[in-house]
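To start, the structure itself, in structure tokens.
The values are calculated or read from the model by the stated rules, or taken from the named source; none is laboratory data. If you're wondering where the values come from, they're calculated on a predicted model, not measured in any experiment. Cβ: placed from backbone, ideal geometry, glycine included. Neighbour counts: every protein chain shown.
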Amino acid sequence: MPAEQFPDQTRRDSPAPTAPWRSGLLIFTVLLGVNGLWMLLAPSHWYASVPGVSDTGPLNLHFVRDIGLTYLTLALAFALAASRPWAAATAITIAAAWLTGHALLHAIEAVTGHGGPWRTELFGIYLPAALAVFAAWRRHHNEGRA
């Protein structure tokens, strides 16, 4: 099919990210990647160290590792966004979708009285989701000008 029919999927002339933009994406990459590796390689330590996690129920090594792989995938999406401007909008949107769903689940639990410590929730769950949504919106907005 001609590229004109699917301009968002094939366009490689997307604007290059600015240095602060790339830095933000790389910070996301590192933070999500470190958390994912920690969950994957030392799930018991992660479970015992993150405030509020042990309040959610007994440790399930397989589940913690599964979510660790999810965080590594999110880190990969942000790394792709930082290094491939033409893929940034899609990569960030996919990562933002998971982070937002995760935040909504935590918000529902907080409203029903099952939330974790507010600092952990704010800085570890809600803020990353909000920043990812903003980054996705910003990237889509910028690509609309390209």
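Any residue in region 72-94 that's within 15 Å of Ala129 (Cβ to Cβ) and touching a residue at least 40 places away in the same chain (Cβ under 8 Å): show its pairings with residues that are buried (at least 22 other Cβ atoms within 10 Å of the Cβ) and of a type in the set (D, E, K, R) at Cβ separation under 7 Å, as long as the two are six or more apart or on different chains.
Every condition considered, the pairs that remain are Ile92/Arg139.
Six or more apart or on different chains, Cβ atoms under 9 Å: show the pairs whose first residue is in region 42-64 and in contact (Cβ under 8 Å) with a residue 40 or more places away in the chain and whose second is of a type in the set (A, V, I, L, M).
Partner pairs satisfying both residue conditions: Val53/Leu59; Val53/Val64.
Out of all the residues in region 84-101, which are surrounded by fewer than 19 Cβ atoms within 10 Å (Cβ to Cβ) and within 18 Å of Ile67 (Cα to Cα)?
Ile94, Ala97, Trp98, Thr100, Gly101, listed by residue number.
With respect to Ala136, determine if the residue is on the phi < 0 side of the Ramachandran plot, buried (at least 21 other Cβ atoms within 10 Å of the Cβ), part of a helix (DSSP H, G or I) and under 13 Å from the mean Cα position of the chain (by Cα).
yes
Of the residues that sit in region 51-83 and are at pLDDT below 95 and closer than 19 Å to Tyr126 by Cβ, which one is surrounded by the fewest Cβ atoms within 10 Å (Cβ to Cβ)?
That would be Asp55.
Looking only at region 108-129, filter to residues that are assigned to a loop (DSSP other than H, G, I, E, B) and on the phi < 0 side of the Ramachandran plot; which one of those is surrounded by the fewest Cβ atoms within 10 Å (Cβ to Cβ)?
Top of the filtered list is Thr112.
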